[in-house]
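Novice: Handing you this structure, nothing more for now.
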Amino acid sequence: MNNFTAMDTIVSDVMIQFVLLENWSRGCNISQTGLTDFNIVCFIKGNSNLKFADFRNLTSRLSSNIKLDLFVNCDNGQIRFPWPFRADKLNRIYIKNCIIKDYLTEFKNSLIDSIPDTIKYLQIENVTIIYNVRELYDSLSKANSSLTKAAECGPENAYSIIQRRTRDIFEDIHNASHFTDFFNVLTDHSHYFSIQKRTCMYNNLEVFELSGMKNLEKSSIDKIVYTDIADNLKILNFSGNGIYYSLHKLQGWRLRFPRMEYLDFSDNNIKSLPFIRDYGRGIKGIKSVGIIDVRRNKITALTKAMIDSFSTYKFVKADISENPFLCDCGIIEAMEYLSSKTMPKAYDYLGSLECANPIHVRGRQLLSLSRADLNCTRKKETIINVSILAISIVAIIVSIVTFFAIYFRILIKKIVYTRLNIKCPCQFKNGINDI
């Protein structure tokens, strides 16, 4: 009975402490979802004074075994939440459709690193981050003032980190001219971040997503691929970011991410697919097929080299469907080559790939095309035709030269004798004899 009384006291304390946060209790509701688990759900319209700092103060006053899940949804609403949303006892944070201000204010605050990193699930979706030039100027990392580890890595103990369709806006970019070295500082910051070698340790991380960001920096991808440690990562999503460079950096993907199940690079501008090693036989415990999704990119050709590599895969499926394939004679040869290969079942879909160009075969499946559809002749016939054409051209040229030589023979003899002093064994009717 005493245990229940103690628990009732803890629950009551959580409710009372939350009500005391007037700005939060007006726009948010709290409910108990487990013995010591609570949901806080907020719906924000217009400008608000919802400050993450107040929420952090609340969590610091609660019992140590409390877990809080925070959901904030907005209707053109503004909130003041600085990255990395660090607050003790915060288990999950989900922010959707919001305008976030004060985002950079804790980037260099070393005290944030001392707050327990308790977030297990983080998701930011369809969010606009408003930057103030003064705030950015004060927060940018310089060579002698680096980002905190919390700001650079975010929640290192998380199982899932998702940032989807976020965008950045400067509300007073015209004030940048007031800071004479603003753009130098900005350049220094970008350079510093690109060469910084700090490693983030994501020991629990299974899902990492940065998607739908048209201005996603290459360094953000390189960091998780090259520098950070995430041995348990299963899903890596960089879809919809306008990425145009190839995937060569992921050729050793199984070595970096031995448990990887899904690499999503769909909806980008990638034009070629490099050879990606299987690694399945070489890594102990690999049983599942890892999917590399490059659908809806700019790949235009299915080549023999791609078919050869696909035919050897046992633990990799590269999905190249829904790309704008150019159906020319090369694609016919590739499909004929495909029909002669024994392919893994995962690549049965190759036969249903569709043409995007030329227009007269758009939407047709590659397997349904014939050489006649694309006005292609067979290679041997092409060689014969080229040979016949070359012989014909030579014959015509020889005929023309011979005709002119016979027709102008008298004139040629005169020119040869008068200009080159060469005697020909013949006579001319114009009086020049015994030449």
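The values are calculated or read from the model by the stated rules, or taken from the named source; none is laboratory data. This is a predicted model, so every value here is computed, not measured. For neighbour counting, all protein chains shown are included, and Cβ atoms are generated from backbone atoms with ideal geometry for every residue, glycine included. Please note that ligands, DNA and RNA were not included when accessible areas were found on the heavy atoms of the full protein model with its side chains. Shrake-Rupley method; radii C 1.70, N 1.55, O 1.52, S 1.80 Å.
Novice: If you check every pair at least six apart or on different chains, which have Cβ atoms under 6 Å apart with a residue in the stretch 376-399 that is loosely packed, with under 10 Cβ neighbours inside 10 Å first and a residue that is at pLDDT 75 or above second?
Specialist: Final answer for the pair search is none.
Novice: Read through the list (1) modelled with pLDDT of 95 or more; (2) out of contact with any Asp or Glu (no Cβ under 7 Å at 6 or more places or on another chain), then give the number of the only condition that E156 fails.
Specialist: Unmet for E156, out of (1) modelled with pLDDT of 95 or more; (2) out of contact with any Asp or Glu (no Cβ under 7 Å at 6 or more places or on another chain): (2).
Novice: Can you spot a residue in the stretch 266-284 that is surrounded by fewer than 16 Cβ atoms within 10 Å (Cβ to Cβ), aliphatic (A, V, I, L, M), part of a loop (DSSP other than H, G, I, E, B) and modelled with pLDDT under 95?
Specialist: For the stretch 266-284, residues surrounded by fewer than 16 Cβ atoms within 10 Å (Cβ to Cβ), aliphatic (A, V, I, L, M), part of a loop (DSSP other than H, G, I, E, B) and modelled with pLDDT under 95: present.
Novice: Can you report the number of residues in the stretch 235-249 which are closer than 20 Å to I162 by Cβ and not in a loop (DSSP other than H, G, I, E, B)? Talk me through it step by step, then tell me what you get.
Specialist: First, the residues of the stretch 235-249 that are closer than 20 Å to I162 by Cβ: 235-243.
The next check asks that each one be not in a loop (DSSP other than H, G, I, E, B); those that pass are 235-237.
Residues meeting the conditions: 3.
Novice: If you don't mind, another one. Just to be sure I understand, how many residues within the stretch 159-174 are aliphatic (A, V, I, L, M), modelled with pLDDT of 90 or more and over 16 Å from M213 (Cα atoms)?
Specialist: Taking the stretch 159-174 as the starting set, the residues that turn out to be aliphatic (A, V, I, L, M) are 161-162, 169, 173.
Next, from what is left, pick out any that are modelled with pLDDT of 90 or more: 161-162.
Of the ones still in play, those that are also over 16 Å from M213 (Cα atoms) are none.
The number of residues fulfilling the criteria is 0.
Novice: Now for a different question. List every residue pair whose Cβ atoms lie under 8 Å apart, where the two residues are 6 or more positions apart in sequence or sit on different chains, the first residue falls within the stretch 322-349 and is under 21 Å from D373 (Cα atoms), and the second residue, located anywhere, is among the hydroxyl-bearing types (S, T, Y).
Specialist: Short answer, once both residue conditions are applied: N323/T300; P324/T300; F325/T300; L326/T300; G330/T303; I332/S370; A334/T303.
Novice: Given the criteria on the phi < 0 side of the Ramachandran plot and part of a loop (DSSP other than H, G, I, E, B), does Y103 qualify?
Specialist: yes
Novice: When you check K142 against the structure, is it surrounded by fewer than 16 Cβ atoms within 10 Å (Cβ to Cβ) and either farther than 19 Å from F170 by Cα or modelled with pLDDT of 70 or more (or both), yes or no?
Specialist: On the way: surrounded by fewer than 16 Cβ atoms within 10 Å (Cβ to Cβ): yes; either farther than 19 Å from F170 by Cα or modelled with pLDDT of 70 or more (or both): yes.
So K142 fits the description; yes.
Novice: Hey, another quick one. If you take the residues in the stretch 312-335 that are over 25 Å from D278 (Cβ atoms) and out of contact with any Pro (no Cβ under 9 Å at 6 or more places or on another chain), which one is surrounded by the most Cβ atoms within 10 Å (Cβ to Cβ)? Break it down stepwise before answering.
Specialist: Start the filter on the stretch 312-335 by keeping residues that are over 25 Å from D278 (Cβ atoms), which leaves 324, 326-333.
Now restrict to residues that are out of contact with any Pro (no Cβ under 9 Å at 6 or more places or on another chain): 324, 329-333.
Working: P324: 14, C329: 15, G330: 15, I331: 22, I332: 18, E333: 16.
Among residues in the stretch 312-335 that are over 25 Å from D278 (Cβ atoms) and out of contact with any Pro (no Cβ under 9 Å at 6 or more places or on another chain), the one surrounded by the most Cβ atoms within 10 Å (Cβ to Cβ) is I331.
Novice: OK, next. Among (1) in contact with a strand residue (DSSP E or B) (Cβ under 6 Å, 6 or more places away or on another chain); (2) buried (at least 18 other Cβ atoms within 10 Å of the Cβ), which single condition is R364 missing?
Specialist: (2)
Novice: Within the set of pairs 6 or more residues apart or between chains, which connect a residue that is open to solvent by 70 Å² or more (accessible area, probe 1.4 Å) inside the stretch 38-51 to a residue that is part of a loop (DSSP other than H, G, I, E, B) and at pLDDT below 90 with Cβ atoms less than 7 Å apart?
Specialist: K45/N76
Novice: Please determine whether any residue of the stretch 71-79 is open to solvent by 30 Å² or more (accessible area, probe 1.4 Å), acidic (D, E) and in a helix (DSSP H, G or I). Can you show your working first?
Specialist: Quick first cut of the stretch 71-79, residues open to solvent by 30 Å² or more (accessible area, probe 1.4 Å) only: 71, 73, 75-76, 78.
Subsequent filtering for residues that are acidic (D, E) retains 75.
With the extra rule that they be in a helix (DSSP H, G or I), the set shrinks to none.
No, the stretch 71-79 contains no residue that is open to solvent by 30 Å² or more (accessible area, probe 1.4 Å), acidic (D, E) and in a helix (DSSP H, G or I).
Novice: Examine the stretch 62-69 for a residue that is buried (at least 20 other Cβ atoms within 10 Å of the Cβ) and within 23 Å of E125 (Cβ to Cβ), and state whether such a residue exists.
Specialist: The answer is yes, given that some residue of the stretch 62-69 is buried (at least 20 other Cβ atoms within 10 Å of the Cβ) and within 23 Å of E125 (Cβ to Cβ).
Novice: Oh, and also: Can we say N232 is out of contact with any helix residue (DSSP H, G or I) (no Cβ under 7 Å at 6 or more places or on another chain), open to solvent by 50 Å² or more (accessible area, probe 1.4 Å), modelled with pLDDT of 90 or more and assigned to a loop (DSSP other than H, G, I, E, B)? Break it down into steps so the answer makes sense when it comes.
Specialist: Numbers: out of contact with any helix residue (DSSP H, G or I) (no Cβ under 7 Å at 6 or more places or on another chain): yes; open to solvent by 50 Å² or more (accessible area, probe 1.4 Å): yes; modelled with pLDDT of 90 or more: yes; assigned to a loop (DSSP other than H, G, I, E, B): yes.
Here the answer is yes, as N232 does meet what is asked.
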